[in-house]
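The values are calculated or read from the model by the stated rules, or taken from the named source; none is laboratory data. This is a predicted model, so every value here is computed, not measured. Don't worry about glycine lacking a Cβ; one is built from the backbone with ideal geometry, like all the others, and counts go over all protein chains shown. With ligands, DNA and RNA removed, areas are computed over all heavy atoms of the protein, side chains included. Shrake-Rupley method; radii C 1.70, N 1.55, O 1.52, S 1.80 Å.
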Amino acid sequence: MSFDTLGLSPALLRALEEQGYTQPTPVQAAAIPVVLAGHDLMAGAQTGTGKTAAFALPLLERLYPDGKRMPLARRPRALILTPTRELAAQVQESVRTYSKHIGVKSATIFGGVGMGPQIDALRRGVDIVVATPGRLLDHMQRRTVDLSDIEVLILDEADRMLDMGFLPAMKRVLSALPAQRQTLLFSATFSSEIKALANQFMRNPQEIQIAKPNSVASTVTHRVHPVNMEAKRDLLLHLLNLDGSQTLVFCRTKHGSDKLTKQLEKSGLRAAAIHGNKSQNQRTRALADFKSGRVNVLVATDIAARGLDIDQLPMVINFDLPMVAEDYVHRIGRTGRAGSEGLAISLVSRAEEGLLRDIRKLLKQDIAIENVEGFEPSQPLRLDGPGGARPQQARQQHARRPHAQQPRGNGEHEHAAANKQRRSWRGGKPSATRQS
Ligand code: AMP
């Protein structure tokens, strides 16, 4: 299947070609024709499936048929609501990329930055507004935004917006929009609250379900290293020093991620933290530094990392396990994207056994439990129950090579090869010693 058959204009197809997209992802193939036909849509798809292009492309086609630039609208014609400012910025970046041969004015509206520039942008006129619900509501109350001409509304990561307590704000925004409009709702999961929202605000939506809720890419290898709580930092350093790939490290708390980042920096690693207490500028800079390779390790909390658009990240490390099993899936969504191989490592202390059990139940798949030599915990993890995996001694010959010997600039291939090797160990007969 190629993009040509989906009914998009040459201006959009050219932008996709320049992006190197050769074929639509499943959510794009399913959603684009439905949106172009003018239907409301409820799509079950999580980050990493290509969902942004799945709504942005047909949106652009609907607003600018055949790629024709319209005179700039005085009032915005499309509204995209997202849970976080990072996601809003990334969605706008995608819209810009895909519309570069059309030329579309868009604005992002989110909290944590001054109102002034947003008011100016809205006053100058934009076609598409990408906003978080709280700040948009502020603008509505000050009458600095007029949503009376909205033709298309998109709710991106609707489940997350509800998790973050945005339901009242969303309802007020939704009530202010013209009844005659197209509404697209994207969500990883469909709770009864989301269905109720859809019932109230959508017209006869078509439904598509791409990734099963709570599934992760099949190209991701999951691994758990049991470790004493107090040895976690050293184990993390050990792993990071063995493998020079760009790595996203998850911490549960803002304070924890700051502290860890400082410790990593002290040990000579180039690290940055991204969490809710950082200013928008700091977050943008940390992400840009990570993307450009100036920083190798990005330490993030769950909320801050949500929606981060980082391509083909080879490795994610959970320094702490998330409190909620679903967040494991969101975290791991950063690796193994678009068919590339990924590795998800979790450092698990005894205090986190319960969390690990929940994650395994949710994933419905085995996670290799491997002790790392020199970091064996004083007591083994207790993971009895269905799907109990047997701990084995980690065999990391591939990674033990001194870092300097690894060819730089070819990191992805190196990593893919390493992953294959890991796979074959798991598939073969590990010389595992069962923990007593
Ligand atoms: P998303 O699920 O929207 O966050 O997209 C995940 C990543 O996949 C983004 O980095 C996109 O640039 C990329 N992507 C989206 N669609 C395609 C496609 N058809 N081919 C290749 N990469 C894509």
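Values computed for the structure shown
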item	result
Which listed residue, of P65, P71, P76, is assigned by TED's automatic domain parsing to the domain that holds V126, away from the ligand (no atom under 15 Å from the Cβ) and free of Cβ contacts under 8 Å to residues at least 24 places away in the same chain	P71
Any hit, region 188-205, residues being within 25 Å of R331 (Cβ to Cβ) and at pLDDT 95 or above	no
Residues satisfying the stated conditions in region 2-12, i.e. within 15 Å of the ligand (Cβ to nearest atom) and either at positive phi or crowded, with 19+ Cβ neighbours inside 10 Å (or both)	F3, L6, L8, L12
Matching entry among G165, G268 (being outside the structural domain of R331 (by TED's automatic domain parsing) and loosely packed, with under 15 Cβ neighbours inside 10 Å)	G165
So G48, is it at positive phi and either more than 19 Å from the chain's Cα centre (by Cα) or outside any loop (DSSP other than H, G, I, E, B) (or both)	no
Among residues of region 34-43, those that are more than 13 Å from the ligand (Cβ to nearest atom) and not in a loop (DSSP other than H, G, I, E, B), counted	5
Any chance A54 is under 24 Å from F190 (Cα atoms), among the hydrophobic types (A, V, I, L, M, F, W, C) and in contact with a helix residue (DSSP H, G or I) (Cβ under 6 Å, 6 or more places away or on another chain)	yes
Residue in region 79-87 that is away from the ligand (no atom under 13 Å from the Cβ) and assigned to a helix (DSSP H, G or I) present	yes
Criterion: in the same structural domain as E157 (by TED's automatic domain parsing), open to solvent by 20 Å² or more (accessible area, probe 1.4 Å) and within 13 Å of the ligand (Cβ to nearest atom) - qualifying residue of Q28, Q19	Q19
Members of region 224-245 found to be open to solvent by less than 40 Å² (accessible area, probe 1.4 Å) and either assigned by TED's automatic domain parsing to the domain that holds A45 or among the hydrophobic types (A, V, I, L, M, F, W, C) (or both), listed by number	V224, V227, A231, L235, L236, L237, L239, L240, L242
Residue tally, condition within 16 Å of the ligand (Cβ to nearest atom) and either of a type in the set (G, A, S) or surrounded by 18 or more Cβ atoms within 10 Å (Cβ to Cβ) (or both), over region 271-297	4
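Each row is one residue, and each column tells you yes or no for (1) part of a loop (DSSP other than H, G, I, E, B); (2) within 22 Å of the chain's Cα centre (by Cα); (3) surrounded by 23 or more Cβ atoms within 10 Å (Cβ to Cβ).
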| position | (1), (2), (3) |
| --- | --- |
| P58 | no, yes, yes |
| R69 | yes, no, no |
| P76 | yes, no, yes |
| S94 | no, yes, no |
| I102 | yes, no, no |
| T108 | no, yes, yes |
